[in-house]
Amino acid sequence: MRLEPRPASSVAASILWPAGAILATVVFSSLLVMIAGASPLTVFWLVLKGAAGSQFAALETLTRATPLIFTGLAVAVAFRAKLWNIGAEAQLYLGAVMTVVIGTGAVTLPSAGLIPLIMIAAMLTGALALLGPAVLKTKFGVDEVVTTLLLNFIVLLFVSMLLEGPLKDPTGLGWPQSKRVIADAQLPRLIKGKRLHFGFILAIISAIVVWVIMKKTTLGYEMRAVGHNAEAARFAGIPVNRVIVKTALLSGGLAALAGFSEVAGLKGNLTLDLSPGYGYTGIVVAMLAMLNPLGVIAAAIFVAGIFVGADAMSRSANVPSYIAEVMVATSLLTMVAAIMLMRYRVRWR
Amino acid sequence: MDANNGQEAEAVLRLTGITKRFGPLVANDAISLSLKRGEVVALLGENGAGKTTLMNILFGHYTADEGDIEVFGKTLPPGDPHAALAAGIGMVHQHFTLADQMTVLENIVLGTQPLWSFNLGKGAAREKIRRLAADYGLEVDPDRMITELSVGERQRVEILKALYREARILILDEPTAVLTPMETEALFATLAKLVAAGLSVIFISHKLGEVQSVSDRVVVLRGGKLAGERKTADATRRELAELMVGGQLPVNEIGPSSPRECLFELKGISTRSLGGAALRQVSMQLRGGEITGLAGISGNGQAALAALISGTLEPVEGEIIVHGEKVERWSPGAALERGLGRIPEDRHATGMIGDMSVAENVISEAYRSSRFSRFGFLDWKAAATFANDIIKAYDVKCPSPDARVRLLSGGNMQKLILGRALDGDPDIILASQPTRGLDVGAVAYVHARLIEARDRGAAVLLISEDLDEIQTLSDRILVIHRGQLSRPSLRGELSVMELGELMAGHGHDEGASHAA
């Protein structure tokens, strides 16, 4: 078996292959659902209803999609330049740390000043977290997959230390959690009494900004050139290492915004379970979106919908909500296969 | 060479109506061809004409969609290299298929006998190899490792391998591409002895001179079709060339040069290795209004020199002087700032970004200038205009500036690179293997542009492994050997043989290399 590049991928192919991927995901998950002893049609209907069947469900899905848009963008930006940032989880937590460091009363400003200040500080923290691996990669050729992945664990332990020490809420009954951010540091809710917050709007704006950067600016051009062919980029005089560092700063900053938005918009304080792996799921989101910043919005809502819907489904049908993770993982694998088949033809001989 | 040993010789090989399609591409279209005993047939054609495909079908690597192959009167089962071998067909590929860490002897007997009797037959095998080598002028020590051999010697091993297996029909795919002129002469002498002994040879080439000196008959392929067949003695060079190209051959007139001041100078440059030899204490000057040709056998430091001048390789010692000014920090950006136009050796890996569009590729060296960007935002309209200008001026065949470069042919890609490199009339031009893999029309086009640049006063360095190209275009010729340069010679000063001597390393001063 060998792969031959296709001369050009047609519009039809770029719709049919991903559609086929989704179909394959549905078929495979149906098998698992049947093994669990339920009817696939009922289960999928319940998942859909749980994800979008009511105002509450839809808002919950968007709330869950918000951090995924940020981490998905972070990964999409980095992967576009072939900087394999697996550390969005760490950058998310560092963004959250900076949010509580500034936002719990250390600085008092009206919210129009305080929130941008926190955002910028959080982004810088996340950016710096990825600067180390980027410099190690460009100067010494250290594999960033390893460094960024391992940093996730280091940062999580660091956060744990902070929550047991300097950032611990003295009124928290001994729980490892930070103080709550002050009112001026909180992002407003979009609808009174609902959980969906202004962070979602920020995420959409970020996606548009990233799209503009990638499409219209010299930086985006450099990132794409470096990602597609670093040797040719270097030959043409593009400062490859500087581009990688800039990419790292942007990517780390975007991931940190996920942490900021979760703390300032939803949770109010920092705990060790702030993120159920949003940094890692961001990789899935970015791949499903084929690294397109606007596609990240749709992919994040899709993935969030499956998780939210599966939670609701598992309450009424007797199928564990783990099916959501299987479905997301399967959709990633089939989508990656579909992307490959879009670009290559398989020849058997 | 005499095809007919006294009387009309019988056909040993007959291909009838061979057709092979790869998707929509017809690589071979109903090609018929025969080969007689004791005959050398040259298979002439440009890159992509279908020569290699045809030979791969003959040797069983591919299966033809239609057509028959008959060897010594028997039909050859399709798609079976073992059957081809057993029928007496031996093939010497352009890229050798030898195991580097084994001896010549081991490579030759490999696959001819079961492994457990390996040592038993060694004495007899060595004797047979020595005899074949002596008979056909293929001297090579059977007990040396392949890694210790020169390219020419490796080719001899490949031929010996075929002869050892009693090949009666030998196919040579572009055998001279990697050889020095002397080695080429030796190869031709070997071929003469082979046909005298009754073997038949198919000689694949796109070089007319060679074809004329070695073959009895020429079969010309063009675009997968049989374009014509001539007795070598009756055909003129021009006639063959026009059959190959399918029309009038473009001819470049190159007038006398009028050298001006030195625009680019290297002084005592040494570099690290880039696969081939590293540069050792290289000094050279490029003068305006002159094409300097750098000849040499592949792997002698051309890659390092090209990378150095392009800016992608930094020297470990020595000075780079551009327009009379010593450059402190050398990089691709620094080279571009100082007005160098650079045509890289590898279009796909270095020259272009295949997954990006034509417009995105042509601005890659200038995207930060005010022409294409403002406040960090790219002006895609200006980029598309520039791309269209190049497409028009250089006659690039491509659907639009938005087309991905990957979809273009090698020649069209090279035209884009030319357009990008020559934009703004650079006065120092590096052209590294600028015509490798291009068809004759595209080659003539590239040459014309280089001559044009020279005539307007640019200093051009042409690095090429094609000695014909070097001799046709260069006003001055340098030869590189093991990372060192020969003294420069003027156009016509040295014969092919003398240049060959230099390429093989004779006449190079040890220690320092000169090129003033």
Name the one entry in B:T53, B:T97 that is of a type in the set (V, I, T) and surrounded by fewer than 16 Cβ atoms within 10 Å (Cβ to Cβ).
B:T97
Return the only residue of B:D143, B:D173 being more than 27 Å from the chain's Cα centre (by Cα), among the acidic types (D, E) and on the phi < 0 side of the Ramachandran plot.
B:D143
Odd one out for A:L219 among (1) at pLDDT below 95; (2) at negative phi; (3) within 13 Å of another protein chain (Cβ to nearest Cβ)
(1)
So which of B:L58, B:L76, B:L105 is of a type in the set (A, V, I, L, M, F, W, C) and in contact (Cβ under 8 Å) with a residue 60 or more places away in the chain?
B:L58
Only one of B:S357, B:S310 that is at negative phi, at pLDDT 90 or above and more than 10 Å from chain A (Cβ to nearest Cβ):
B:S357
Please enumerate the residues belonging to region B:394-406 that are buried (at least 20 other Cβ atoms within 10 Å of the Cβ) and either on the phi > 0 side of the Ramachandran plot or assigned to a helix (DSSP H, G or I) (or both).
B:V405
Anything in region A:227-254 that is within 20 Å of A:I283 (Cα to Cα) and at the interface with chain B (Cβ under 10 Å from one of its Cβ atoms)? List them, or say none.
A:G227, A:H228
In region B:407-459, which residue that is assigned to a loop (DSSP other than H, G, I, E, B) and polar (S, T, N, Q) is surrounded by the fewest Cβ atoms within 10 Å (Cβ to Cβ)?
B:S409
Output the number of residues of region B:341-393 satisfying the condition of being touching a Leu at 6+ places or on another chain (Cβ under 9 Å) and surrounded by fewer than 17 Cβ atoms within 10 Å (Cβ to Cβ).
1
Return a yes/no flag: does region B:343-352 have any residue that is at the interface with chain A (Cβ under 8 Å from one of its Cβ atoms) and touching a strand residue (DSSP E or B) at 6+ places or on another chain (Cβ under 7 Å).
yes
Out of region A:68-96, which residues are among the β-branched types (V, I, T) and surrounded by 24 or more Cβ atoms within 10 Å (Cβ to Cβ)?
A:I69, A:T71, A:V75, A:V77
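So that you can scan it fast, the table gives a plain yes or no per residue for (1) under 19 Å from the mean Cα position of the chain (by Cα); (2) away from chain A (no Cβ under 12 Å):
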{"position": "B:F386", "(1), (2)": "no, yes"}
{"position": "B:Y394", "(1), (2)": "no, yes"}
{"position": "B:S400", "(1), (2)": "no, yes"}
{"position": "B:N412", "(1), (2)": "yes, yes"}
{"position": "B:K415", "(1), (2)": "yes, yes"}
{"position": "B:L430", "(1), (2)": "yes, no"}
{"position": "B:Q433", "(1), (2)": "yes, yes"}
{"position": "B:V443", "(1), (2)": "yes, yes"}
Cβ pairs under 7 Å, 6+ apart, first in region B:158-171 and within 17 Å of B:L98 (Cα to Cα), second of a type in the set (D, E, K, R)
B:Y164/B:K128
Just a yes or no: is a residue in region B:259-268 modelled with pLDDT under 90 and touching an Asp or Glu at 6+ places or on another chain (Cβ under 7 Å)?
yes
Among the residues of region B:314-342, what is the count of those that are among the β-branched types (V, I, T) and at the interface with chain A (Cβ under 8 Å from one of its Cβ atoms)?
0
Six or more apart or on different chains, Cβ atoms under 8 Å: show the pairs whose first residue is in region B:334-351 and touching a residue at least 40 places away in the same chain (Cβ under 8 Å) and over 16 Å from B:R449 (Cα atoms) and whose second is part of a strand (DSSP E or B) and of a type outside the set (K, R).
B:R338/B:V322; B:R338/B:I428; B:G339/B:I428; B:E345/B:S432; B:E345/B:I463; B:G351/B:I343
Have a look at B:S273, B:S298, B:S364 and point out the one that is within 14 Å of another protein chain (Cβ to nearest Cβ) and part of a loop (DSSP other than H, G, I, E, B).
B:S364
Which of the residues that make up region B:56-82 are small (G, A, S), surrounded by fewer than 16 Cβ atoms within 10 Å (Cβ to Cβ) and in contact with a strand residue (DSSP E or B) (Cβ under 9 Å, 6 or more places away or on another chain)?
B:G73
Give the residues of region B:127-151 that are under 22 Å from B:A177 (Cβ atoms) and buried (at least 17 other Cβ atoms within 10 Å of the Cβ), sorted by residue number.
B:Y136, B:L138, B:V140, B:I146, B:L149
What number of residues in region B:429-440 are closer than 16 Å to B:D395 by Cα and in contact with a Leu (Cβ under 9 Å, 6 or more places away or on another chain)?
1
Answer with yes or no whether A:S14 is hydroxyl-bearing (S, T, Y) and within 23 Å of A:A317 (Cβ to Cβ).
no
Being of a type outside the set (K, R) and either more than 19 Å from the chain's Cα centre (by Cα) or within 14 Å of chain A (Cβ to nearest Cβ) (or both) is the requirement here; does B:L467 meet it?
no
Scanning region A:313-349 residue by residue, those part of a helix (DSSP H, G or I), of a type in the set (S, T, N, Q) and surrounded by 15 or more Cβ atoms within 10 Å (Cβ to Cβ) turn out to be A:S314, A:T330, A:S331, A:T334
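The values are calculated or read from the model by the stated rules, or taken from the named source; none is laboratory data. Keep in mind it's a predicted model, so treat the numbers as computed, not measured. We place every Cβ from the backbone using ideal geometry, glycine too, and count neighbours over all the protein chains shown.
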